[in-house]
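In what follows, a single structure is set out as structure tokens and then discussed.
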Amino acid sequence: MREEGIEKLRGIVRDCVSKHLYSSAIFFADKVAAFTSDPADIYMQAQALFLGRHYRRAFHLLNASQIVLRDLRFRYLAAKCLEELKEWEQCLLMLGDPKVDEHGNALELKDCNVMYLDKDGEDREINISSAICFLRGKAFDALENRAQARQWYKAAIKADPLCYEALECLIENHMLTCEEELSLLSSLQFAPEDGWLSSFYSCLIKKYDKESIIEENFRNLEKENCDNNPTGSSVTCTLKNNSDLLACKVEYYHQCGEYQKCFELSSVVLERDPFHSKCTLVHLAAAMELGQSNELYLMASGSLHHYATDKVLPLRALSWFAVGCYYYCIKKYDQSRRFYSKATSLDKTFLPAWIGHGNASAAKEEGDQAMSSFRTAARLFPGCHLPTLYIGMEYMRTHNYKHAEQFFMQAKAICPSDPLVFNELGVVAYHMKEYKQAIWWFEKTLSHVPSSLSEMWEPTVVNLAHALRKLKRYSEAVPYYEKALAISTGNLSAYAGLAYTYHLQDNYNAAITYYHKALWLKPDDQFCTDMLTVALVDESRRGFNPRNAPDPMELYTM
């Protein structure tokens, strides 16, 4: 056959692939390879077989060729066939045996005996070495060698920052600590035109930087920027409404405790892209925090309808996780645990389900099962501090403060800037009567939270006021009690603490007023009832002036 006819057949193969007519692609690719015996055409035939899910046949074709061990594309595609067949050991053998150091720098990656079919394509394609490193990482991950998997994922993203899948595995599976994530991003070599990608990656990692830095990253990506537009046309280049970027914002709001803002923005994203799994996950978490049981029911039923029989296991796991969230929200913890367990059985790397199962067990006061779930999560996700944090909380629930402190410090080592960890360390110090240390931790907590405090951080403010009161620093405690009441007017502890502080300062009028306000929230509170009586007696002994008495109506205008 003439070259023109062969080239036409090659075009037919490419067109069949683009139209997903894989049997046709396989048929014509086989004929082209028979006509030419060209390695490039053999590779095209193997590619068509792979896309048509004929993995054994594709691997046999590649392995039978004389070029498979000398051409990186042949070797990579043969390893991909073995990946699909779940033959992980053989997959690693096919990829060779280079080494990687603890920083993700691959050694002996370049072999002088190997070649690459499309060398001219390297400038416009993801580096083949990066893809090979990533596949090694997946193989080690499947073999549960997570230490090696982590190093090869790092090697993949270092070899080519465009290999997003490697970064996704590192982030989603919590393989790196906060500091390691920042160090990895700073080591990546981006092309000048890929500055936006560096900013986007910064939004994907754990968001415990200062509020101003995180907001600046979002602004840089949202602003219109056509500097790299070669045509000079007035095309709007912005990621302002991009679903992935909005999902990053949703995560940030949830992390800050801005659950209402998180819920509202995630609802907008899911209205536009209802199958955005990352945003769905955070939306479920926000709905749980807000007690939105109806929304959780709708999400759970919708997820079951769409994902319950999906071939992608993580999506099936997400559907059962949604059901578990609904039952947790309505306090049916046994049913909740059953569905969380189903999610982890489908996808053992589904961290939220492990955490959910542990919390549901803790709610049932089944400490051993809670600890088991948290410890499993801590083992599977060494870069995530939350399992360790929850282990510490479980020890604190049983008044084992020394062990709780040890695990909180471990959580702090993994994530040195999460204010929730500082808060828990403050609570431990308070219970151990180390009030100066407690004040230090609580102040550190508040210095790391956004400037506008949400209700999530109101207990921290109250606890700081309690610790100051314990050290008889009454004038410093009062403003914090008042700040807590400005955040939430329904806190009995804040009213009682403020009343008691005024009482200790011999300001009986103010004390009586706030004891009454506390009792308005909880009329049977024994402490406030007893102390109100004492305050009234103390005031009467000093000489009660009716003009200074609180207006009874003021007690109900809160």
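The table for this structure:
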quantity	calculated
Added length on full extension, which subtracts the Cα-Cα distance from 0.36 nm per residue, Lys472 to Gln148	111.2 nm
Cα convex hull of the range 382-452 - mean projected area over all directions, nm²	4.6 nm²
For the range 1-86, with +1 on Lys and Arg beta carbons and -1 on Asp and Glu, the positive-most of Tyr55, Ala34, Leu21 along the dipole	Tyr55
Shape category assigned to the range 1-86 from the gyration tensor of Cα positions, a/c cut at 1.5	oblate
Virtual spin-label span in nm between Lys31 and Arg338, 7 Å along Cα→Cβ	5.8 nm
Förster-model FRET efficiency, 60 Å R0, Glu215 and Arg57, C-beta, rounded to 0.05	0.65
Stretchable slack from Arg541 to Arg70, in nm (0.36 nm times residue separation minus alpha-carbon distance)	159.7 nm
Label point distance in nm, Asn241-Glu3, each placed 7 Å from Cα along Cα→Cβ	5.0 nm
The chain: angle of helix 419-431 to the longest principal axis, Cα-based, in degrees nearest 10	40 degrees
The chain: Rg to Rh, with Rh as the Kirkwood radius over Cα pairs	1.09
Amide proton proximity set for Asp71, modelled H, under 5 Å, gap of 5+	Met115
Degrees, to the nearest 10: 313-329 long Cα axis against longest axis of the chain	10 degrees
Between 0 and 90°, nearest 10: helix 526-542 axis offset from the chain longest Cα axis	40 degrees
Percent accessible area from carbon and sulfur atoms, the range 1-86, protein chains only, probe 1.4 Å	55 percent
Net lengthening on full extension, Ala40/Asn105 (0.36 nm per residue, minus Cα-Cα)	20.3 nm
Relative contact order of the chain, defined on C-alpha pairs under 8 angstrom at six or more residues apart (%)	6 percent
Residue-averaged 222 nm ellipticity for the chain, from DSSP H runs of 4+ at -39500 (n - 2.57), nearest 500	-22000 deg cm²/dmol
Rounded to the nearest 20 debye, dipole of the range 382-452 from Cβ charges on Lys, Arg, Asp, Glu	120 debye
Protein accessible area in the range 460-544, 1.4 Å probe - carbon and sulfur %	51 percent
Surface per residue (accessible, 1.4 Å probe) for the chain, Å²	51 Å²
Lys261 accessible area, 1.4 Å probe, all protein chains in place, Å² to nearest 10	90 Å²
Signed unit charges on C-beta, dipole axis of the range 460-544, positive-most listed residue Val461, Ala511, Ser493	Val461
14 Å beta-carbon shell around Leu9, net charge (K/R +1, D/E -1)	-2
Summed residue charge, Cβ within 13 Å of Lys470's Cβ, Lys/Arg positive, Asp/Glu negative	+3
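The values are calculated or read from the model by the stated rules, or taken from the named source; none is laboratory data. Everything quoted here is computed from the prediction, not taken from an experiment. Quick reminder, even Gly has a Cβ in these numbers, built from the backbone with ideal geometry, and neighbours come from all protein chains shown. The area values use the complete protein model at the heavy-atom level, side chains included, leaving out ligands, DNA and RNA. Shrake-Rupley method; radii C 1.70, N 1.55, O 1.52, S 1.80 Å.
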